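The values are calculated or read from the model by the stated rules, or taken from the named source; none is laboratory data. Predicted model, so just to flag it, every value in this text is computed and none were measured. Positions of Cβ are backbone-derived with ideal geometry, glycine not excepted, and every protein chain shown enters the neighbour counts. For accessibility, only protein heavy atoms count, side chains too; no ligands or nucleic acids. Shrake-Rupley method; radii C 1.70, N 1.55, O 1.52, S 1.80 Å.
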Amino acid sequence: MHDVLRKLGLESINAGGFCGEWIGGGEKLDSVSPIDGKALASVKQVTPQEYDRIVDRAYAAFLKWRRVPAPVRGETVRQLGDALRKHKADLGALVTLENGKIRAEGEGEVQEMIDICDFAVGLSRQLYGLTMHSERPGHRMYEQWHPLGVVGVISAFNFPVAVWSWNGALAAVCGDATLWKPSSQTPLTAIACTKIAERVCRATGADPAIFSLIIGPGKTVGEKLLHDPRVPLISATGSCKMGYRVGEVVGKRLGRSILELGGNNAIIVTPEADLTMAMRAILFGAVGTAGQRCTSTRRIIVHESIRNQLVEKLIAAYRQVNIGNPLDPGTLMGPLINSAAVETMMSAIKRNKDEGGEILYGGQRLDGDKYPGGCYVTPCIAAARNEYKIVQDETFAPILYIITYKTLDEAIALHNGVPQGLSSAIFTRNLLEAERFLSCAGSDCGIANVNIGTSGAEIGGAFGGEKETGGGRESGSDSWKAYMRRQTNTINYTTELPLAQGIKFGD
């Protein structure tokens, strides 16, 4: 552990603010590993006064950075990707230590960062606008995209580094500065990433303050960030409750927000499905990251004719899940993030029983020498009905609800019958069923898949959802447009001054 921290430039006590220099004069925050409940290191949080200093510095960096040609900005991001490649193993290990996900997933998250850097480098030469035909003779009309400003990024504990890169890499090539407020559960990974970005910026001649950092309480620096008119865009990942607050505050000042909030993701399994393939996708979707992904599979909507067969396969697979220290190569599921998350899971299991549901497998706390720290559980499979209040809510834990259906119309109605709308999937070898699920009358989610699970989105596609998931989009496709301001331009290259719509105004 200490070797990993040292290689990433972390000390026993670290400053929690960065704006070209490291500062932090606030209260000490201990980063506690969910693996064993022991402190990894501490962070001196940012005070409200230091927050203002950091934002001023980030804005000054933006004013310079926006004038740098986009392909040159892309070179800094390219070198950031190369630096992440060099630190992939150590940074992935730190994700595991601080977050609790298994090593393969920790390194996979760093690979997402590398991939988005590669994507952004190409994007730096493709920030295209359009040319439109003017209705007025002798006029040319077109649009262009300009840098927006300082982008506030609020990330959650479950993807402590990837979410920053989705925003930061795109914002950087778009000419913006980034102000990152990470989860207080995972501050060390944020400091490690910022230190890597700092070294890259100094090597390329970019102002390191384009990647600024604030670690501090939500009620102080977090609220200042939401209210700050110097930050025109807030990209926030977290719970629906948090998203309502972000949307309310940022919207009130007419700022922009990208909201990536809760998911209550379902997989429809039809009689035409390959059950072995479906079972494997469900297992990873429900158990991967201990059920703490926003794209984790929460509900299985299975045809009544194959329900028992699928449940038997799932229970057999769940029994083979090795739970324990995520640093061990054979572990498939590590701990929940903290003891409060365990209590939330136990409460959800009880609520399901109280509403009439049944536990089919798992759902126990695990303790003893093999499970130190109190954050380990067995993943749970539960019979439920879609209308149960607990099923309508997202529990950020490995609970999988089994719901049956008779017709595909009913299955789609059940699927869409929750407030959230992030990721979805159907398993079928029937082309008609697949196309129906992907049609406008099918899944109402931002992500809809056929014969793959709900979890594990690629960076090339725009990531995000609908309804209470927030409606925002990050990562691939044309998500870059959210980080820029659009400008429509008209040039008159004649000596006449015709008005649009044929309006005549005097002689």
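Quick look at the values:
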| quantity | calculated |
| --- | --- |
| Every residue from segment 442-459 that is open to solvent by 40 Å² or more (accessible area, probe 1.4 Å) and either at pLDDT below 95 or within 14 Å of the chain's Cα centre (by Cα) (or both) | Gly456, Ala457, Glu458 |
| Subset of segment 460-477 [free of Cβ contacts under 8 Å to residues at least 24 places away in the same chain and open to solvent by 60 Å² or more (accessible area, probe 1.4 Å)] | Ser477 |
| Residue within segment 168-180 that is charged (D, E, K, R) and buried (at least 24 other Cβ atoms within 10 Å of the Cβ) present | yes |
| Identity of the residue in segment 338-360, more than 23 Å from Ala281 (Cα to Cα) and in contact with a helix residue (DSSP H, G or I) (Cβ under 7 Å, 6 or more places away or on another chain), that ends up surrounded by the most Cβ atoms within 10 Å (Cβ to Cβ) | Asn352 |
| Count - residues of segment 148-177 that are of a type outside the set (A, V, I, L, M, F, W, C) and assigned to a loop (DSSP other than H, G, I, E, B) | 6 |
| One residue from Leu499, Leu438 being modelled with pLDDT under 95 and either within 14 Å of Ser424 (Cα to Cα) or not polar (S, T, N, Q) (or both) | Leu499 |
| Options Val221, Val200, Val287; residue that is open to solvent by less than 10 Å² (accessible area, probe 1.4 Å), more than 20 Å from the chain's Cα centre (by Cα) and touching a residue at least 12 places away in the same chain (Cβ under 8 Å) | Val221 |
| Residue selected from segment 118-149 under the condition surrounded by fewer than 16 Cβ atoms within 10 Å (Cβ to Cβ) and aromatic (Phe, Trp, Tyr), by the criterion nearest to Pro69 (Cα to Cα) | Tyr128 |
| Residues being open to solvent by 20 Å² or more (accessible area, probe 1.4 Å), touching a strand residue (DSSP E or B) at 6+ places or on another chain (Cβ under 7 Å), part of a helix (DSSP H, G or I) and under 20 Å from Asp90 (Cα atoms) - total across segment 4-55 | 0 |
| Residue that is hydrophobic (A, V, I, L, M, F, W, C) and over 24 Å from Ala206 (Cβ atoms), where the choices are Met113, Met132 | Met132 |
| Unique match (being among the β-branched types (Val, Ile, Thr), at negative phi and free of Cβ contacts under 8 Å to residues at least 24 places away in the same chain) among Thr490, Thr495 | Thr495 |
| Flag if Tyr371 is surrounded by fewer than 19 Cβ atoms within 10 Å (Cβ to Cβ) and farther than 18 Å from Asn322 by Cβ | no |
| Selection status of Val391, of a type in the set (A, V, I, L, M), open to solvent by 40 Å² or more (accessible area, probe 1.4 Å) and either without any contact (Cβ under 8 Å) to a residue 12 or more places away in the chain or within 25 Å of Val287 (Cα to Cα) (or both) | no |
| Per-region count, segment 43-87, residues β-branched (Val, Ile, Thr) and closer than 14 Å to Gly168 by Cα | 2 |
| Extreme residue, surrounded by the fewest Cβ atoms within 10 Å (Cβ to Cβ), among residues of segment 94-117 that are not aliphatic (A, V, I, L, M) and not in a helix (DSSP H, G or I) | Lys101 |
| Gly456, sole failed condition from (1) assigned to a loop (DSSP other than H, G, I, E, B); (2) closer than 28 Å to Val250 by Cβ | (2) |
| Check on Trp180, over 24 Å from Gly262 (Cα atoms) and in a strand (DSSP E or B) | no |
| Some residue of segment 250-263 being charged (D, E, K, R) and without any contact (Cβ under 8 Å) to a residue 24 or more places away in the chain | yes |
